[in-house]
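J.: My structure is below; once you've seen it, I'll send some questions.
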Amino acid sequence: MSYFSNKKFSFWIVVAVIILNFTAIGTIMYKLYLHPHPHQMEKKEMPCAQSYLENELQLTPAQAAEFKKLKEKHHESVYLVFEAMKQKKNYISENMTKPNADTNMLFKTTEDIGALYAQSRKLFILHYFELSKVCNATQKVKLAEIFSNMFCCEGSMNEMTAPSRHRHESRGGCNMNKTKY
């Protein structure tokens with residue numbers, strides 16, 4: 001091959017590589033911006049607890065406003081309890097692996113966490129009673145079903161998400177309400 005034909009061949013290889021790179025970048029950007037990941041779509045579709053209750057209970061605007069006020073008050077009190085639990089859990093994780101860990105203090109801290117958890121359950125019960133005061137008879141039945149599903153099958157500390165009856169039934173638990181309502 002002559003010098004010029006060799007340069008021409010190298011030039012076209014460089015052009016092809018550049019075109020492939022731009023095509024790859026374009027494809028990646030297209031996938032990221034025009035077709036969001038399915039996991040991202042699930043998060044957007046999950047309603048907040050307020051809108052879930054409004055839809056499920058068919059609340060009037062006045063009831064929805066009262067629910068929102070009660071929810072904000074409830075979240076403030078539960079948040080403080082959960083923060084205290086978080087601090088106690090952090091204390092346990094930081095201190096239990098120390099060479100001379102104070103087991104009595106660690107055990108007392110776990111008991112404190114249990115007491116805080118019981119306090120959070122009491123706050124949820126009180127919240128239920130406050131919400132039920134706002135509901136009519138039909139709404140009270142549905143609210144009772146929603147809250148009993150939440151207590152029966154919680155399994156996590158994320159109390160703010162709306163319960164999904166199908167999710168609970170698929171795990172084989174929470175058949176408490178199947179005959180009740």
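Coordinate-derived values only; no laboratory data. It should be emphasised that the depicted structure is a prediction, and the values quoted were computed from it without experimental measurement. All Cβ positions, glycine included, derive from the backbone under ideal geometry; neighbour counts span all protein chains shown.
J.: Looking at Glu76, Glu72, Glu83, Glu54 in this structure, which one is surrounded by 16 or more Cβ atoms within 10 Å (Cβ to Cβ) and of a type outside the set (Val, Ile, Thr)?
T.: The match here is Glu54.
J.: For the structure I just gave you, tell me whether Tyr117 is surrounded by 13 or more Cβ atoms within 10 Å (Cβ to Cβ), in contact (Cβ under 8 Å) with a residue 60 or more places away in the chain and among the hydroxyl-bearing types (Ser, Thr, Tyr).
T.: no
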